[in-house]
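Working notes for the structure below.
Please treat every number below as a calculation from the coordinates, not as lab data. The model shown is predicted, which means the values in this text are computed figures rather than measured ones. Note: ideal-geometry Cβ built from the backbone for every residue, glycine included; neighbour counts use all protein chains shown.
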Amino acid sequence: MKILVTGCNGQLGRALRRSLEAAKAGVTTYVDIDTLDLTDAKATEQFLRDGEFSHVVNCAAYTAVDRAEEEKLECAAANIDGIANIARHAEELGLRIIHISTDYVFDGNSNRPYSESDKTAPLSHYGTTKRKSETTLLGLAPDSMIIRTGWLYSSTGSNFPMTMLRLASKGHNELRVVADRIGTPTLADDLAGAITAILMSGNWAGGIYHYADEGVASWYDFAIATLDYAGFSNTIVRPIPGTDYPAAATRPYYSVLDKSRIKATYNIEIPHWQASLRRAIPEMLAALAEESNKSQK
């Protein structure tokens, strides 16, 4: 087994490095855009040939959802061309591909968790490119695996709970948070653990899967829990409708995912989002303290 992880400096990429090295050290190569630009077809082909990889986990993506409405070409290149440049060599090189996608391929009009077979109808350019990445991959390498997730967070990078903690730590006594958009917070370490379990299982069953932590929350619920667990319970959180928080990209109001297939196929136990958040808070607070120390130097 020889694994390539792309997008290794992102939230999931960093979590995957920890998980994969703990499971089987020394078999994985980690790259980001500074090492390999997946939109460069020739460079990608050469890298794949030289590396003699058995598996590729593609975490690389353009994820600036609002900015994508203006930078449409850049978003499409990163999200569609990148995976195409990997997938077109899958059969010849014997690559098995895991590609990370998103709950934003849905329009949010459901009243029950979305299954893998539900109709997609993305509302944003970002969501459209991610759906196109799915169809492109399966068209070129039908045995590939796609894992859709949503509301991903960790102690690194820009994500919702870290933003809440940064604001509270800087003395913002009142925060206004959208209360009518529903999904499931997902700790990057949990998804990384599931991907690692799949890779180490020796059981390959291609197709589309959904993964998110268990339970359901609004962004308001997520904010309340984050601040409470981190000791900022005195910070007031005001619920607001999504219409009061205008953004360039339209987001689904409901994007809860049905995880039955991945649990049944790979016998994966998924923790509740609140338990995972509690577990992640110490690391998030440590990252916040490190940020503060650096800014004061």
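Connecting C-alpha atoms closer than 10 Å in a GNM of the chain, tell me which of D244, D190, D180 has the biggest fluctuation.
D244
In square nanometres, what is the average projected area of the Cα convex hull of the stretch 22-181?
12.2
Among T184, L165, M200, whose Cα projects farthest towards the positive end of the dipole of the stretch 165-251, with charges put on the beta-carbon of Lys, Arg (+1) and Asp, Glu (-1)?
Result: L165, furthest along the dipole toward the positive end.
Apply the Karplus parameterisation 6.51 cos²θ - 1.76 cosθ + 1.60, with θ equal to phi minus 60°, to every residue of the stretch 30-36 and state each ³J(HN,Hα) to the nearest whole Hz, in sequence, with x for glycine and proline.
Going residue by residue, I get 10, 9, 9, 4, 6, 9, 8 Hz, with x marking Gly and Pro.
Reported to two decimal places, what Rg/Rh ratio describes the stretch 133-275 when computed on Cα atoms with Rh from the Kirkwood expression?
On the way: Rg = 17.3 Å, Rh = 16.8 Å.
On the Cα set of the stretch 133-275, Rg over Rh gives 1.03.
By DSSP, what percent of the beta bridges with both residues in the chain are antiparallel, rounded to the nearest 5? The partial results should precede the final answer.
Values: 2 of 33 bridges.
The antiparallel proportion sits near 5 percent.
So what is log10(I(q)/I(0)) for the stretch 3-66 at q = 0.24 1/Å, when the Debye sum runs over its Cα atoms only?
Calculated log10 I(q)/I(0) at the listed q: -1.05.
Can you work out ³J(HN,Hα) from phi for every residue in the stretch 68-73, in order, using Karplus 6.51 cos²θ - 1.76 cosθ + 1.60 and θ = phi - 60°, giving whole Hz and x for Gly and Pro?
Coupling constants for the stretch 68-73: 4, 5, 9, 8, 5, 5 Hz.
When only DSSP loop residues count, what chymotrypsin sites (Phe, Trp or Tyr not before Pro) in the stretch 181-275 have their Cβ near at most 15 other Cβ atoms within 10 Å?
On the way: sites: W204, Y209, Y211, W219, Y220, F222, Y229, F232, Y253, Y254, Y266, W273; in loops: W204, Y211, F232, Y253.
Within the stretch 181-275, the qualifying chymotrypsin sites (Phe, Trp or Tyr not before Pro) (loop, at most 15 other Cβ atoms within 10 Å) are W204.
Considering the alpha-carbon set of the stretch 33-72 alone, what are its Rg and its Dmax in angstrom?
Both quantities, over Cα of the stretch 33-72: 13.1, 37 Å.
Mark the label point 7 Å from the Cα of E71 along Cα→Cβ and return the residues of the stretch 1-36 whose backbone N is within less than 16 Å of it.
Zone members listed by number: 7, 9-11, 33-34.
Using +1 at the C-beta of Lys and Arg and -1 at the C-beta of Asp and Glu, which of I83, W151, L123 has the Cα lying farthest in the positive direction of the dipole of the stretch 1-159?
W151
Using only C-alpha atoms and all pairs of different ones, pull out the Kirkwood radius for the chain in Å with one decimal. Can you show the working numbers first?
Working: mean 1/r = 0.0506 Å⁻¹.
By the Kirkwood definition, the hydrodynamic radius is 19.8 Å.
Can you compute the charge dipole magnitude of the stretch 162-297 about its Cα centre, using +1 on each Lys and Arg Cβ and -1 on each Asp and Glu Cβ, nothing else charged? Give it in debye, rounded to the nearest 20.
Values: 13 positive and 14 negative charges, 52 e Å.
Rounded to the nearest 20 debye, it is 260 debye.
By how many nm would the segment from S169 to R49 lengthen if fully extended, with 0.36 nm per residue of separation less the alpha-carbon distance? Before the final figure, lay out each step's value.
Details: separation 120, 0.36 × 120 = 43.20 nm, distance 4.80 nm.
Extra length from S169 to R49 when fully extended: 38.4 nm.
How large is the dipole of the chain about the Cα centre if only Lys and Arg carry +1 and Asp and Glu carry -1, each at its Cβ, rounded to the nearest 20 debye?
Numbers: 30 positive and 36 negative charges, 83 e Å.
Taking the Cα centre of the chain as origin, the dipole is about 400 debye.
Counting only DSSP beta bridges with both residues in the stretch 144-258, tell me the antiparallel percent, nearest 5.
On the way: 2 of 14 bridges.
Restricted to the stretch 144-258, the bridges split so that about 15 percent are antiparallel.
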